[in-house]
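The values are calculated or read from the model by the stated rules, or taken from the named source; none is laboratory data. Quantities reported herein were computed from a predicted structural model and do not represent experimental measurements. Methodologically, a virtual Cβ is constructed for each residue, glycine included, from the backbone with ideal geometry; neighbour enumeration extends over all protein chains shown.
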Amino acid sequence: MKDKFILGGTAGMAGGVVMGLSIYLLNLIPGISIHMITRVALLFSPSAVSGPVQSNIIGFIGHLFCSALVGFIAIMLLDYTGYSHSFLKGLGFGAVAWFALCGVLARILNLNMADKFVDSVLLLLVHVLFGVITVWIINRYRYREEV
């Protein structure tokens, strides 16, 4: 695909869908309560907490938007660093995204991510999954000049 803007956004959204579904599935496990999607809803609508359905819908749409933005960053970083070792770069990118978004940005925006340790570890794992999928899609569908 020649258009890097569309490729990065699409790859980020695809990784975001897998990540969001993983979070919803992990919340089915007793004792796990990851509220990241509903916290993202607070960024876009303070009244989103009026009901769980509304906050999940707004949060998931906002999550996909943020995932597309992170996908743009991923494709720019891959253009700068190269496309070799994409699996390891995806692992690292997911871990850095977890630290930057859940660790730093959530505290700055006062999103009150009051998760337990096990929830934070699972969030790290789904962010790593996001990074691997996003980087794999970018590497798979990037434009290669014909020789």
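Observations, loosely collected:
- Considered as a group, the residues in region 114-147 that are of a type in the set (Phe, Trp, Tyr) and touching a residue at least 40 places away in the same chain (Cβ under 8 Å) include one that is farthest from residue 68 (Cα to Cα), and that residue is 143.
- For the condition out of contact with any Leu (no Cβ under 6 Å at 6 or more places or on another chain), among the hydroxyl-bearing types (Ser, Thr, Tyr) and within 15 Å of residue 38 (Cα to Cα), residue 120 does not qualify.
- Residue check: residue 96 meets all listed conditions (1) under 12 Å from the mean Cα position of the chain (by Cα); (2) at pLDDT below 90 but one, namely (2).
- On inspection, residue 89 fails the criterion of being of a type in the set (Lys, Arg) and modelled with pLDDT under 85.
- The residues in region 64-113 that are in a helix (DSSP H, G or I), under 13 Å from residue 139 (Cβ atoms) and touching a residue at least 40 places away in the same chain (Cβ under 8 Å) can be counted, and the count is 10.
- Filter result (surrounded by 14 or more Cβ atoms within 10 Å (Cβ to Cβ), in a helix (DSSP H, G or I), out of contact with any Gly (no Cβ under 9 Å at 6 or more places or on another chain) and not hydroxyl-bearing (Ser, Thr, Tyr)) within region 21-48: 23, 26
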